1. For Rg and Dmax of the Cα atoms in Å, pick the label among [x] 19.8, 79; [y] 21.6, 72; [z] 18.8, 58 that corresponds to the value derived from the coordinates.
2. If you stretched the chain out fully between residue 183 and residue 133, how much longer would it get, using 0.36 nm times the residue separation minus the C-alpha to C-alpha distance?
3. What order do you get for 19-26, 201-208 when each peptide is scored by the mean count of other beta carbon atoms within 10 Å, highest first?
4. When you count, for each residue, the other Cβ atoms within 10 Å and take the mean per peptide, how do 216-222, 188-194 rank with the highest first?
5. Describe numerically, in nm with one decimal, the distance between label points set 7 Å from Cα along Cα→Cβ at residue 95 and at residue 15.
6. Compute the length gained on full extension between residue 66 and residue 2: take 0.36 nm times their separation in residues and subtract their Cα-Cα distance, giving the result in nm to one decimal.
7. Say R0 is 41 Å: what FRET efficiency, to the nearest 0.05, do residue 74 and residue 240 get from their beta-carbon distance?
8. Taking Cα pairs under 8 Å and at least six residues apart, what relative contact order does segment 95-248 come out at, in percent?
């Protein structure tokens, strides 16, 4: 089973995986917990599948404890800033399902990222309240609002814009758009921003899938599915996409993608203090 192999990889390499990668497994933990809680008990096959899920969850719980402790040891400052999202209870699963809206696709997309690692981290810590000891949460500065609501951003910038609004929602920051005086945005809600971003993320995935899934594009492709799927956009769950992703898994080691490709991705998008081996997870 592909999922079991992915957890086996985490068993072996959990202490070496960066915070972003560990968060992926935290989200998996939340999903497995909910799945085992709601799994039907109607027949032997269902009971057998649930038993397998329970077994994987137990393994994952143990490995996550080791990985989170390693993060705290190797990079205590970065760990402190993002510690709230390292709990499965932080991540809420979709209460209902919807789909993207093709009419919201951008007419043009920037060729370069409008993504700044340091600003993005700062904006998220302002929402989390971890920007200083006992910091006030749900702070939205003008620079954060302008960056996180900019239209036409590609790839990682786009997924981090969505992640910003996801974190704000899960943290309970109900007034994230307060202070936005732009008349053109007066009727755009947090949920509408999420729909705009996921619509353009699925368009990006369609283009990537059409043009060939290689290297860095695989990472973006999976990230878009993970985040928008977590937001309840069911049209990201396509059988042909899943079948392609499963072919990227190393059948012996269990990770997705080649380590040299993964290292190159994070050399470009993670600043020096946080450069550690990362694993692509589903």
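1. The value matching this structure is [z].
2. Gain on extension, residue 183 to residue 133, equals 14.4 nm.
3. Answer by packing, highest mean first, reads 19-26, 201-208.
4. 216-222, 188-194
5. It is 4.2 nm.
6. 20.8 nm
7. 0.60
8. That works out to 31 percent.
Throughout, read-outs are computed from the coordinates displayed, never taken from laboratory work. On a predicted model such as this, the values are computed, not experimentally measured, just so you know. Note that each Cβ is placed from the backbone with ideal geometry, even for glycine, and that neighbours are counted across all protein chains shown.
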